[in-house]
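The structure appears below as structure tokens.
The values are calculated or read from the model by the stated rules, or taken from the named source; none is laboratory data. Remember, predicted model here, so these are calculated numbers, not experimental data. Glycine also receives a Cβ, built like all others from the backbone with ideal geometry; neighbour counts cover every protein chain displayed. In case anyone asks, the SASA skips ligands and DNA or RNA and just uses the protein heavy atoms, side chains included. Shrake-Rupley method; radii C 1.70, N 1.55, O 1.52, S 1.80 Å.
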Amino acid sequence: VVDPNRPVAFVADEPLLDDVQKVAAAAGCDLECVSDVAAVRQRWGTAPLVVLDGAAAALCQDAGLARREALVLVSPPVPPPQLWQQAVAIGAERVVELPEAESWLVSALADAVEAPASAVGKVVAVLGGRGGAGASVLTAALGITVSRAGGNALLVDCDPLGGGLDLVLGAETEEGLRWPDLHLRSGRIAASSLHAALPGREHGAGRLTVLSGARRGTGPEPDAVAAVVSSGRRAGETVICDVPRHLGDAGAAALDRADLVIIVVPAEVRACVAARLVAQLTTDRGATPHVVVRGPAPGGLQADEVAESLNLPLLTSMRPEPHLDESLDRGEFTPRPTGPLSRAAKEIVHTLATTHPHPTTLHPAS
Ligand SMILES: Nc1ncnc2c1ncn2[C@@H]1O[C@H](COP(=O)(O)OP(=O)(O)OP(=O)(O)O)[C@@H](O)[C@H]1O
Ligand SMILES: [Mg+2]
């Protein structure tokens, strides 16, 4: 039985094929190597990644194979000029010189094994309309909700001045890397490397992985945020970014990749006024934020009134979570599955699932 999730290589040049096979072994990837167009044609529509060399690409083109995503050309050092033309003609996303770009191919193959290119994950950015609005708490609740439902959630802390998302989850003593320890060498990182390096926990079949700030050093670089978000997306995870109100470069990098942007607004007049500025910052970057209104409403302000005052769509509202501060202080934040936070989180997850993916970030190798 042929595994439809196996990446395929059609590489005519033997030394190059050797290199590709070594790279696949390093990636733990069971690469299917084929030696003719008929064989590659059978897997063309289903393989999560196709690797060709120049000679093979010429044969595929002559055979009229349709354009597809996740197609790369490999070449020896200093690709011949016609290879670039071929890459454009066949719609390859990249020319990979071996052995120089070996690490890129290792992580591309590792990703391809983790998730077929069709199962890309979604990205949500959560901002607070004012300081202390409840954005970080909602980010954590979203992660817990996704993993409780059997999904994989990747929480990305983009707030350089926050106390750290790990602290919200009561995970600040858990082993694993934080932002200042994570030195990303390339623009691409495999989700499996993140799972291995970062603190995480399992909820049944689901998994929650946290990339937190560390209460030291500076915040993450925007390129690093972009690489991590793309990695989670490629692996089919739900990526949940805690974005500071002032955005900053790191927050903007997350925002620009989000399929859904949420502003948490407490049901207070002053919060609405402050949230207008936050909303403006996000719309200036082309986002269409949705509002999540959080109680209590000391003056009786209704959720739809809050959203209306911001001129933004209301996604959901939630009553205050009982005993939240005690559980946060004890480091035992586990929202009740039937409580207001979990209920709101489920609605957000549902909305995210039905939201169209962000058009510019679908590219599997970006
Ligand atoms: N769902 C909720 N129900 C009741 N209280 C909440 C809720 N969410 C947040 N809070 C209260 O607001 C406080 C701040 O929450 P949180 O740290 O999530 O806000 P934030 O928007 O991330 O703030 P910051 O501006 O510091 O990033 C919590 O410690 C808690 O007291
Ligand atoms: Mg916060």
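Scanning for something within 22 Å of Val124 (Cβ to Cβ), more than 10 Å from ligand 1 (Cβ to nearest atom) and open to solvent by 70 Å² or more (accessible area, probe 1.4 Å), does segment 316-330 turn up at least one residue?
no
Quick check on my filter: what residues within segment 1-37 are open to solvent by less than 70 Å² (accessible area, probe 1.4 Å), part of a helix (DSSP H, G or I) and more than 21 Å from Ser107 (Cβ to Cβ)?
Residue satisfying the conditions is Val37 alone.
In a loop (DSSP other than H, G, I, E, B), more than 16 Å from ligand 1 (Cβ to nearest atom), surrounded by fewer than 22 Cβ atoms within 10 Å (Cβ to Cβ) and without any contact (Cβ under 8 Å) to a residue 24 or more places away in the chain: does that describe Val95? Full working, then the answer.
On the way: in a loop (DSSP other than H, G, I, E, B): no; more than 16 Å from ligand 1 (Cβ to nearest atom): yes; surrounded by fewer than 22 Cβ atoms within 10 Å (Cβ to Cβ): yes; without any contact (Cβ under 8 Å) to a residue 24 or more places away in the chain: yes.
Judged against the criteria, Val95 is not a match.
Of all residues in segment 297-320, which are touching a residue at least 12 places away in the same chain (Cβ under 8 Å), in a loop (DSSP other than H, G, I, E, B) and over 30 Å from the mean Cα position of the chain (by Cα)?
Selection gives Ala297, Pro298, Gly299, Leu301, Gln302.
For segment 116-160, which residues satisfy the criterion of being closer than 18 Å to Leu281 by Cβ, more than 9 Å from ligand 2 (Cβ to nearest atom) and open to solvent by 20 Å² or more (accessible area, probe 1.4 Å)?
Listed by number, the residues that qualify are Arg130, Pro160.
Looking only at segment 38-80, which residues are exposed (fewer than 15 other Cβ atoms within 10 Å of the Cβ), of a type in the set (Gly, Ala, Ser) and not in a loop (DSSP other than H, G, I, E, B)?
Of everything in segment 38-80, those that are exposed (fewer than 15 other Cβ atoms within 10 Å of the Cβ), of a type in the set (Gly, Ala, Ser) and not in a loop (DSSP other than H, G, I, E, B) turn out to be Ala38, Ala39, Ala55.
Quick grid of which residues meet (1) open to solvent by 10 Å² or more (accessible area, probe 1.4 Å); (2) among the basic types (Lys, Arg); (3) in contact with a strand residue (DSSP E or B) (Cβ under 7 Å, 6 or more places away or on another chain); (4) closer than 27 Å to His323 by Cβ:
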| residue | (1), (2), (3), (4) |
| --- | --- |
| Val239 | no, no, yes, no |
| Val265 | no, no, yes, yes |
| Ala275 | no, no, yes, yes |
| Leu281 | yes, no, no, no |
| Leu301 | yes, no, no, yes |
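Out of segment 268-290, which residues are outside any helix (DSSP H, G or I) and under 26 Å from the mean Cα position of the chain (by Cα)?
Of segment 268-290, the ones outside any helix (DSSP H, G or I) are 268, 285-290.
Within segment 268-290, Arg285, Gly286, Ala287, Thr288, Pro289, His290 meet the criteria.
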